[in-house]
Amino acid sequence: MTPSPELVGGLESPDYASHDRAAHEAYVAVFTGDEKKELDELLERYPVKMAALLPALWIVQRERGWVSEEGMVEVAGLLDLTPAYVKGVVTFYTMYHQHPVGKYFIQVCTTSPCGICGAEDVLKAFVRHTNTGEVGLTSPDGKFTVIEVECLGACGFATPVMINEKFIESVTPDRVPELLAELA
């Protein structure tokens, strides 16, 4: 029995279905042309290839929006590492996306100090106003993914939020619609 597109891995979510489709598209190498030149220039800065692993993964994520298994294999081959080693690094660092995410990747700090200051309400406001349905999923339009993170290093400015690379301090639930409107 073949599962319907809505039932991928037993999870009823169009988001998981889109992740599944993206994960099964034919892989196209990242390190060709300008990206290969960028990697070669990076390799000149380091005494050993392995030292360029994190920047190489950033290039994959910048170009594809996430780091797929095939991307890990490509990086491993270029840096003379095992795919298992590269995967260990990708799974250790939370900054690397292991599945497709929305155009706007929203991280809300929910650590204890922020939690005391209302982080859960900020998180709920982002989920509600982005139409993601729940934390960790991507909105149906592909624009937003909202996650909670353990610490953004700004306990004195609760609740901190990161939207892609932009850091925003002292976010309240009331500010969420305004912040999202700025992205349009």
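Extending 7 Å from the Cα toward the beta-carbon at both Asp80 and Val48 defines two label points whose distance is 1.0 nm. With Cα atoms defining each centre, segment 55-92 and segment 121-154 are spaced 25 Å apart in the structure.
Amide H to amide H distances under 5 Å link Tyr104 with Phe144, Thr145, where only residues 5 or more positions off or on other chains count and H is placed in the peptide plane. For Lys143, the lysines whose Cα falls under 18 Å of its own Cα, not counting residues fewer than eight places away in the same chain, are Lys103, Lys124, Lys166. A Stokes-Einstein calculation at 25 °C with viscosity 0.890 mPa s, built on the Kirkwood radius of segment 116-184 over Cα pairs, returns a diffusion coefficient of 201 µm²/s.
For the chain, evaluate the Debye formula with one uniform point scatterer on each Cα (no solvent term) and list log10 I(q)/I(0) at q = 0.08, 0.13, 0.20 Å⁻¹, rounded to two decimals. Scattering profile of the chain, log10 relative to I(0): -0.31, -0.78, -1.25. Over the chain, dividing the summed -39,500 (n - 2.57) contributions of all DSSP H runs of at least 4 residues by the number of residues returns a 222 nm mean residue ellipticity of -12500 deg cm²/dmol.
Axis of helix 119-130 versus longest Cα principal axis of the chain: the two differ by about 80°, to the nearest ten degrees. So in the chain, what percent of DSSP beta bridges are antiparallel if you round to the nearest 5? Looking only at bridges with both residues in the chain, the antiparallel portion is about 60 percent.
To put it simply, the accessible area of the chain at a 1.4 Å probe is 56 percent carbon and sulfur. Against the chain, whose longest principal axis is taken from its Cα atoms, helix 83-92 shows a tilt of about 20°.
Surface exposure of segment 39-184, expressed per residue as accessible area with a 1.4 Å probe, stands at 52 Å². Taking other residues whose beta carbon is less than 13 angstrom from the beta carbon of Phe126, and scoring Lys, Arg as +1 and Asp, Glu as -1, yields -2.
All Cα-Cα separations within segment 36-140 were binned at 10 Å from zero, giving a P(r) of 14, 35, 26, 19, 7, each value a whole percent of the pairs. Between helix 14-23 and the chain there is an angle of about 10 degrees, using the helix long axis and the longest principal axis of the Cα atoms. Taking packing as the residue-averaged number of other Cβ atoms within 10 angstrom, the listed peptides 61-71, 75-85 run from highest to lowest as 61-71, 75-85.
The values are calculated or read from the model by the stated rules, or taken from the named source; none is laboratory data. The structure presented is a predicted model; accordingly, all values stated were derived computationally and were not measured. Virtual Cβ from ideal backbone geometry, glycine too; neighbours counted across all protein chains shown. For accessibility, only protein heavy atoms count, side chains too; no ligands or nucleic acids. Shrake-Rupley method; radii C 1.70, N 1.55, O 1.52, S 1.80 Å.
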